[in-house]
Amino acid sequence: MTLRLCGPRGFCAGVDRAIQIVVLALKKYGAPVYVRHEIVHNRYVVEGLVARGAVFVRELDEIPPTRQPVIFSAHGVPKSVPAQAERLNLVYLDATCPLVSKVHKQALRHVRQGRHVLLVGHAGHPEVIGTMGQLPRGAITLVETEADAAAFEARGRALGYVTQTTLSVDDTAAIVGRLRRRFPDLADPAAESICYATTNRQEAVKLAAPGADHFLVVGAPNSSNSRRLVEVALRAGARKAVLVQTARDIPWHEVEAAGIIGLSAGASAPEILVEEIIEAFRARFDTRIELAEAAVEDEMFPVMRSLREVSLDRIDMAFVNGG
């Protein structure tokens, strides 16, 4: 059996930075450190941080009076959240991915230039909620599908668009293309909104999928970028594709007759889960590893200044890097 392993895969720089922030905050302030929502969409990561002393909450009013910090997730938050933290006298650290923050700035730039903003994204996703929450009510409209793009009415308004960072590159191009045909003066964002990590992982899956009997994507069910990888694999030629969180989720009765298995991981999935899956295949089959590499990533995003003097030891770094 050939295991066609995608590169790049797994943690991106924004996820790496967010996890570092929680680990560094625990070292600096001690436990508990509070985290609003999942810091990233991965159960293994969240459970590992809980074991270290992180306490995850859905809303800030669940946090008792404290001087311990609360951390905002990598997906970003509406402006109302830090405002609420200040009203509650909470110390907060913002772990929003810098590339998500860039989308926020692009949306605000459109508004400053007199445009109504169209956000291409998925309703209910934390990143979409955070981006829409940067702007005044009525200044932004969510566009999820080509049908939404066809139905939207400009009502004489100048328009600009931004996108969620974790979308399917091809689907987004189709939606934006439909919008542009209807509104030729539609203003682009100042820079590409879909992040480099999403694009790179999708390109690697496109390399690995043709001829694959089955494709496994390691990621959580609520991870947008991981779910897009499953879709990309199917469109690129994989006969079947499925999202798995661990080796236990693999449909072994389906893959045992396969000759080629594709394997990738979403941007919030740690490498240790990929390694466990590789070992599970080796334990069951005569397995050959074949690489499908689309890019080499070396991006790094620094943590905020208040945590830079805290050092991570080897055990910390292994956890942060997904090992």
- prompt: Out of the range 9-31, which residues are part of a loop (DSSP other than H, G, I, E, B) and buried (at least 22 other Cβ atoms within 10 Å of the Cβ)?
  reply: Arg9, Gly10, Phe11, Cys12
- line: A careful count of residues in the range 42-69 that are touching a His at 6+ places or on another chain (Cβ under 8 Å) and assigned to a loop (DSSP other than H, G, I, E, B) gives 1
message: Can you find a residue that is surrounded by fewer than 20 Cβ atoms within 10 Å (Cβ to Cβ), touching an Asp or Glu at 6+ places or on another chain (Cβ under 9 Å) and either touching a residue at least 40 places away in the same chain (Cβ under 8 Å) or within 30 Å of Ala123 (Cβ to Cβ) (or both) anywhere in the range 199-206?
response: yes
statement: In the range 147-189, anything part of a helix (DSSP H, G or I) and under 22 Å from the mean Cα position of the chain (by Cα) is listed as Val169, Asp170, Asp171, Thr172, Ala173, Ala174, Ile175, Val176
field: Candidates Glu275, Glu279, Glu293 - the one that is of a type in the set (D, E, K, R), in contact (Cβ under 8 Å) with a residue 60 or more places away in the chain and surrounded by fewer than 19 Cβ atoms within 10 Å (Cβ to Cβ)
entry: Glu293
- prompt: In the range 77-119, what count of residues is obtained for those that are in a loop (DSSP other than H, G, I, E, B), farther than 15 Å from Met304 by Cβ and either of a type in the set (Gly, Ala, Ser) or at pLDDT below 95 (or both)?
  reply: 1
Condition broken by Glu192, with the remaining ones in (1) touching a residue at least 12 places away in the same chain (Cβ under 8 Å); (2) under 19 Å from the mean Cα position of the chain (by Cα) satisfied: (1)
task: Search the range 55-74 for residues that are exposed (fewer than 12 other Cβ atoms within 10 Å of the Cβ) and pair each with any residue that is assigned to a strand (DSSP E or B) when their beta-carbon atoms are under 8 Å apart and the residues are at least 6 apart or on different chains.
output: Arg58/Arg36; Glu59/Arg36
message: Looking at Tyr92 and the list (1) farther than 26 Å from Leu119 by Cβ; (2) buried (at least 17 other Cβ atoms within 10 Å of the Cβ), which single condition is not satisfied?
response: (1)
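Out of curiosity, is Leu159 outside the structural domain of Ser80 (by TED's automatic domain parsing) and either without any contact (Cβ under 8 Å) to a residue 40 or more places away in the chain or of a type in the set (Asp, Glu) (or both)? Outline the logic, then answer.
Details: outside the structural domain of Ser80 (by TED's automatic domain parsing): yes; either without any contact (Cβ under 8 Å) to a residue 40 or more places away in the chain or of a type in the set (Asp, Glu) (or both): no.
So Leu159 does not fit the description; no.
Residue check: is Tyr34 among the hydroxyl-bearing types (Ser, Thr, Tyr) and either crowded, with 21+ Cβ neighbours inside 10 Å or assigned by TED's automatic domain parsing to the domain that holds Val217 (or both)?
Yes, satisfied.
The values are calculated or read from the model by the stated rules, or taken from the named source; none is laboratory data. Note that the coordinates shown come from a computational prediction; the quantities given were computed from them, not determined experimentally. No Cβ is skipped: glycine too gets one built from the backbone with ideal geometry, and neighbour counts run over all protein chains shown.
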